[in-house]
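Have a look at the structure below, then the notes.
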Amino acid sequence: MASSTEPAGIADSVPAAAKALIDRLGLEGHREGGFFRRVYESDAKIEGDLTPGAYAGGPRHVMTHIFFLLTRGQVSHLHKIASDELWHFYGGDPLTVVEADPKTGSVLETTIGREVAAPFHAVPAGKWFGARAEGEWSLVGCTVAPGFDFADFVLADRATAERELGAELAAHPAIAPLVPQ
């Protein structure tokens with residue numbers, strides 16, 4: 001059980017190094033899973049009508065950035081956003097970003113980290129994706145442009161995943177664990 005000095009939702013199974021980062025960086029639980037904190041948003045904003053239909057509800061920051069941390073057993077649940085998102089590896093163990101393409105029925109798994117091919121990965125706007133830590137914990141940064149807004153965020157449940165991806169792709173071994181039950 002988490003002590004009164006730890007952020008809510010931190011289990012005893014979270015490694016000490018990850019707990020220390022959560023505390024030092026002021027991370028909070030994220031609705032897609034893991035822990036996060038927005039650390040940057042541009043002063044400049046753009047109007048949503050630059051991409052008709054993509055950005056409802058007003059202007060967006062030109063760019064936003066968060067710290068995002070996953071621990072063993074946590075996932076970034078399957079979701080999509082209306083903007084491109086660049087994942088930057090900062091520390092811990094590698095992290096795998098999993099993308100689903102319903103048009104081709106394919107799954108792309110890209111691992112980012114210090115000892116792998118790339119320390120970053122870009123996910124195109126509108127792509128269904130999630131992520132998983134490949135070890136005890138992974139700290140990454142996520143840069144979104146145009147900036148992230150929860151109005152542009154769609155979290156898939158089982159019915160949404162099957163409707164948007166098709167039952168076969170939603171049941172893929174890399175995708176199914178990313179869909180909340």
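The values are calculated or read from the model by the stated rules, or taken from the named source; none is laboratory data. Just so it is clear, the model here is predicted, and its values are computed rather than measured. Using ideal geometry, Cβ is built from the backbone for each residue, glycine included, and neighbour counts are taken over all protein chains shown.
Values as computed for the structure displayed
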{"item": "Residues of segment 112-132 satisfying the condition of being farther than 23 Å from LEU155 by Cβ and surrounded by 18 or more Cβ atoms within 10 Å (Cβ to Cβ)", "result": "GLY113"}
{"item": "Selection count where residues are in contact with a helix residue (DSSP H, G or I) (Cβ under 8 Å, 6 or more places away or on another chain) and in contact (Cβ under 8 Å) with a residue 24 or more places away in the chain, scope segment 59-86", "result": "11"}
{"item": "Any hit, segment 64-73, residues being under 14 Å from the mean Cα position of the chain (by Cα), at pLDDT 90 or above and among the charged types (D, E, K, R)", "result": "no"}
{"item": "Selected residue [surrounded by fewer than 18 Cβ atoms within 10 Å (Cβ to Cβ), touching a residue at least 60 places away in the same chain (Cβ under 8 Å) and farther than 28 Å from ARG24 by Cα] from GLU136, GLU164", "result": "GLU164"}
{"item": "Some residue of segment 35-48 being surrounded by 21 or more Cβ atoms within 10 Å (Cβ to Cβ) and among the small types (Gly, Ala, Ser)", "result": "no"}
{"item": "Candidate set from segment 148-169 (those that are over 18 Å from the mean Cα position of the chain (by Cα) and among the small types (Gly, Ala, Ser)); member that is nearest to ASP43 (Cα to Cα)", "result": "ALA159"}
{"item": "Yes/no for ARG24 being modelled with pLDDT of 95 or more, of a type in the set (Lys, Arg), out of contact with any helix residue (DSSP H, G or I) (no Cβ under 9 Å at 6 or more places or on another chain) and more than 15 Å from ASP149 (Cα to Cα)", "result": "yes"}
{"item": "Condition met for SER76 (at pLDDT 95 or above, under 15 Å from the mean Cα position of the chain (by Cα), surrounded by 18 or more Cβ atoms within 10 Å (Cβ to Cβ) and not basic (Lys, Arg))", "result": "yes"}
{"item": "Residue satisfying all of: in segment 127-148; farther than 18 Å from LEU108 by Cα and in contact with a Lys or Arg (Cβ under 6 Å, 6 or more places away or on another chain); modelled with the highest pLDDT among these", "result": "GLU136"}
